[in-house]
Amino acid sequence: MPDGKITPEYDRVLLGGSLPRFTYGGNINLGYKGLDISLSFQGVGLQKSRMVNMMVKPLISNYGNIPAIIDGKYWSSFKTAEENAQAQYPRLTNANENGVYCLSDYWLFNGAYFRLKNVMVGYTLPEHLTNKIFIKKLRFYATATDLFSISNYPKGWDPEVGPTSYPITTTVLLGAEITF
């Protein structure tokens, strides 16, 4: 600040990029005596993410609930000075939202994540059993998608889609594969 004032012209700095520096993924397939297991995973490393609107902004369009991540952790005129000194988030208001929610390092967090995308466990019955009932192959399996992810995102938020997404949903399927 060569002019002695805090202004956007002299006091803004690059905070990093929202594009991931690297992405990764992989598959592991194992099998032994008719039993098989398959794991698929993926993730992102070195990425800056920003808490925005749906994550922390209360009362969107003057209705709605307070996001769970900020519940009880915001500044309030009904709290004591000591309680407000411990507040992590600004007051619940839509007034001055451009100033409160403007891009700053306060709202940035590490957006890297690791996710177990798919797990499949199966068992193929031995041929000497299936041939008796005129079946070439009989395999039973269970598969689960999006079992867990490790990230700094609020609990339930999908790091692949970002802060304006629906929560992560886990799917479990049971099945059989029959070849005649």
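The values are calculated or read from the model by the stated rules, or taken from the named source; none is laboratory data. Bear in mind that the values here come from a model prediction, so they are computed numbers and not experimental data. Here the Cβ positions follow ideal geometry from the backbone for every residue, glycine too, while neighbour counts run over all protein chains shown. Surface accessibility is based on the protein's heavy atoms, side chains included, excluding ligands, DNA and RNA. Shrake-Rupley method; radii C 1.70, N 1.55, O 1.52, S 1.80 Å.
Just checking, which of 83, 97 is surrounded by 12 or more Cβ atoms within 10 Å (Cβ to Cβ), of a type in the set (Asp, Glu) and modelled with pLDDT of 90 or more? Before you say what the answer is, go through the steps one by one.
Values: 97 fails: modelled with pLDDT of 90 or more.
After ruling out the rest, the residue left standing is 83.
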- Message: Could you list, ordered by first residue, the pairs with Cβ atoms under 9 Å in which the first is in the stretch 23-49 and over 30 Å from residue 123 (Cβ atoms) and the second is acidic (Asp, Glu) and open to solvent by less than 90 Å² (accessible area, probe 1.4 Å), at least 6 apart or interchain?
- Response: 44/160
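Would you pick out the residues in the stretch 100-134 that are in a loop (DSSP other than H, G, I, E, B) and at pLDDT 90 or above? So that I can check it myself, show each step before the final result.
Our first condition is that a residue be in a loop (DSSP other than H, G, I, E, B); within the stretch 100-134, this holds for 101-104, 111-112, 125-126, 134.
Selection gives 112, 125, 126.
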- Do you know which residues across the stretch 100-142 are open to solvent by 50 Å² or more (accessible area, probe 1.4 Å), under 26 Å from the mean Cα position of the chain (by Cα) and hydroxyl-bearing (Ser, Thr, Tyr)? 106
- From the set of residues in the stretch 143-174 that are touching a Gly at 6+ places or on another chain (Cβ under 9 Å) and outside any loop (DSSP other than H, G, I, E, B), which is least open to solvent (accessible area, probe 1.4 Å)? 143
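Which of the residues spanning the stretch 92-143 are among the aromatic types (Phe, Trp, Tyr) and within 21 Å of residue 157 (Cβ to Cβ)?
101, 106, 107, 109, 113, 114
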